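The values are calculated or read from the model by the stated rules, or taken from the named source; none is laboratory data. Worth saying up front: this structure is predicted, and the values here are computed from it rather than measured. So basically every Cβ, Gly included, is an ideal-geometry build from the backbone, and we count neighbours across all protein chains shown. Remember, those area values only see protein heavy atoms, side chains included, never the ligands or the DNA or RNA. Shrake-Rupley method; radii C 1.70, N 1.55, O 1.52, S 1.80 Å.
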Amino acid sequence: MKTPCLSKGGLGGLSIPKIQQIARDRNSTIVEYSIIFDQDIYIWVIQPNGNITHRATNIEPLNQQNQTLKQTILKTRVSIGSKETDDEGNKIQLEREYQPNQTGGYPLLQLLHQILIEPIIDLLPTDANNQIIFIPHYDLFLVPFVALQDSKNRYLIEDHTILTAPSIQVLEITREHQNRVRGLRQAALIVGDPTIDPKFKEDPYKLNQMSRAKEAAEAIAAILGTQAITGENATKVAILDRMLNTRIVHLSAHGLLDDFQGFGIPGAIILAPSENADDGSLNAAEILQLKLDSELVVLSACSTGRGKITGDGVVGLSRCFILAGVPSIIVSLWNMGVISAKLLMTEFYQNLARGDNRAAALRCAMLTTKAEFPSPIAWAAFTLIGETETLPLSTEKIDLRGLKMSLPDNTKPEEIVAGLNKLLKTCPPYLFAEHLPALNVSATDNVDIIAEKIKDWCETRPEIEQNLENEIDQMGAGGTDSDAPEEIVREFYETLIENQIRLGLSVSSVGEDETDTDETTD
C-alpha cells in the first residue's frame with residue numbers, strides 16, 4: 001500500500017527526514033491521526049528508529065451503532081462522569097449498556113481502543129517507560145488516550161508513558177523553547193480559586209467558586225516552598241506580572257474552552273477581576289502576546305463552564321502557551337474534582353523532585369491517584385504537551401494527612417444523593433460490592449433522610465467517602481443541575497437497584513436493617 005502524501009491532513013509540512021529526526025531525538029514513538037471524510041481514520045506511526053508506517057482504520061463499528069465519531073467520544077466522556085452537551089446544547093444521556101460493567105470495563109473506552117489503538121498495537125513500544133506522543137485530529141483531541149481500555153480492562157497508561165501534541169511541528173518548537181529557558185528561573189507561581197466576576201456566575205457559564213481549589217493550591221505551594229495566590233488577590237494583572245518571572249506556573253482556576261469573546265481563538269482562564277473593571281478573563285489571544293520564560297505551565301481543575309466543547313478548544317490554550325514560549329504544558333480535558341487533582345498534582349511535583357522526567361512523573365502520579373479513585377474521571381483528565389526532560393526541584397516535606405479533605409458541612413442533601421447516584425453510574429461496580437447491602441435506605445425516604453444515611457454509611461468506608469467527596473466537587477465546579485429533590489431521589493433509588501442487580505446482590509437487601517452487618521464488623 002502506498003503511503004498517502006505527508007502533507008496537510010497527514011504529517012504536516014515537515015520533510016520526512018525532519019520527522020524521523022524528531023522521533024529519534026526524543027526517543028519516542030509518534031502517532032498521528034487524520035480523519036478522512038468522517039469515514040476513515042488514517043494513522044501514521046513514526047518509531048524512534050526512523051521507520052514510518054501508515055495504517056487505516058474505519059469507523060464501521062460506530063456506523064453499526066448509528067453513532068458518529070464525535071457522538072461516541074462525547075458519550076465516552078459521559079460514561080466516566082463528565083457532563084457533555086450536543087451541538088444544540090442538549091445534555092447527552094448515556095444508554096445503560098455503556099455504563100461500566102461488573103469487572104470494571106468501560107464499553108466505550110474499549111470501543112475507542114479498538115478503533116484507535118488496536119490497528120497499531122504491534123508498532124507501540126513494549127517498555128512502559130518509552131514514550132508515545134499522540135497527535136490527534138479534530139474531535140480526537142477530546143479523547144482521554146491514557147484511559148482507553150483493552151478487552152482485558154487494562155488502561156493504556158498502565159503499559160505506556162503518554163503525551164499529546166497539537167501537531168508534529170509543535171514538537172520542534174517546544175524543543176527550541178526548552179533549550180532557551182532551561183534553568184533561567186527557580187520560582188513557582190501557584191494560583192488557586194480566584195474570585196470569579198459575577199458575570200461568569202450567570203448564564204451561560206454558571207461557574208462556582210472552588211474553595212477546595214484554594215486548599216489544593218496551598219498544599220502544592222507548601223511542597224514547592226512558596227505561597228499560593230488565591231481569592232481576590234489572584235487578579236489578572238497580578239498573575240500576569242508574576243508569570244513573566246516564574247519557572248513553574250500552576251493555575252487551579254476555571255477555564256472556558258469556547259471562543260466566548262469572539263476573538264477567533266477559543267479558550268480563556270478565569271482569574272480575579274481587577275480594580276480597573278476588567279472581568280479577570282485571560283483569553284487565548286492575550287496569552288499569544290506574552291513572552292514567557294517558564295519551563296512548565298499547569299492548567300489544573302479547568303471546567304468547561306457550560307461552553308461548547310470542541311477539539312480545538314481543548315488544545316487552544318495549550319497551543320497559545322507554547323507559542324508564547326513555554327516548552328511544557330499540562331492541560332485538563334475536564335474538571336476531575338479538586339480532591340483527586342490535589343493528590344495527583346502533589347504526587348507529580350514530588351516525583352519531579354526525586355528525578356523523574358515530566359512524562360514519567362505524570363504517569364506515576366496518575367497510577368497513584370487511580371489506586372485511590374478508580375473512575376477515570378478522577379485521574380485521567382491531564383495530558384502533557386511538549387518537553388519531558390527532568391525538572392530538578394527542591395521540595396518541602398509535607399504531612400500527607402494534610403492532603404485529606406472531608407465533606408464540607410454546608411454540602412446540600414441534594415448534592416450528596418446526586419453525587420452518590422453519579423458515582424454508582426460511573427465507577428467500577430466492584431468498588432461497592434461488599435458495601436451496598438449495608439446502605440439502609442428506602443424508596444419512601446426523602447432526600448434529607450437519604451443524605452444523612454449516606455453520610456453515616458460513609459463514616460466507616462473512607463474509600464467510598466473520598467470518592468463521593470470528589471464527585472460532589474466535580475459536579476459542582478461548573479454549576480450543578482437543578483433537578484427537584486423528588487426526581488433526585490427517584491433516580492438515585494433506580495440506580496441503586498440497578499447496581500444491586502448488576503452485582504448479583506439481593507434487591508431486597510435495600511432498606512433492610514444493617515444490624516447484622518454492624519455486628520460482624522465490631
| note | Heavy-atom accessible area per residue of the chain, all protein chains kept, 1.4 Å probe, expressed in Å², is 41 Å²
| query | Quick one: Karplus J couplings for segment 320-325, per residue in order, coefficients 6.51, -1.76, 1.60, θ = phi - 60°, nearest Hz, x for Gly and Pro? | reply | 5, 5, 5, 5, 7, x
| task | Would you work out which of 113, 76, 34 lies farthest towards the positive end of the dipole of the chain, given +1 charges on the beta-carbon of Lys and Arg and -1 on that of Asp and Glu, about the Cα centre? | result | 34
| request: For helix 462-476, report the angle its Cα long axis makes with the longest principal axis of the Cα atoms of the chain; keep it between 0 and 90° and round to the nearest 10°. | output: 70 degrees
| remark: Two pseudo-spin positions, 7 Å from Cα along C-beta at residue 27 and at residue 39, lie apart in nanometres by 4.3 nm
| field | the chain: angle of helix 16-26 to the longest principal axis, Cα-based, in degrees nearest 10 | value | 60 degrees
| query | In terms of modelled amide H atoms, which long-range or inter-chain residues lie less than 5 Å from the amide H of residue 300? | reply | 251, 252, 253
| By how many degrees, between 0 and 90 and to the nearest 10, does the Cα long axis of helix 358-372 differ from the longest principal axis of the chain? | 10 degrees
| In debye to the nearest 20, how big a dipole does segment 88-209 give about its Cα centre with +1 on each Lys and Arg Cβ and -1 on each Asp and Glu Cβ? | 480 debye
| request: Can you tell me which of 156-163, 412-419 comes out highest on packing, and rank the rest after it, using the mean Cβ neighbours within 10 Å? | output: 412-419, 156-163
| query | Of the heavy-atom accessible surface of segment 83-238 (probe 1.4 angstrom), what whole percent is carbon and sulfur? | reply | 46 percent
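To check you understand DSSP bridge types, tell me what percent of the beta bridges within the chain (both residues inside) are antiparallel, rounded to 5.
Counting only bridges with both partners in the chain, antiparallel ones make up about 50 percent.
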| task | Note down the accessible area of residue 457, probe 1.4 Å, to the nearest 10 Å². | result | 10 Å²
| said: Among 20, 226, 99, whose Cα projects farthest towards the positive end of the dipole of the chain, with charges put on the beta-carbon of Lys, Arg (+1) and Asp, Glu (-1)? | reply: 20
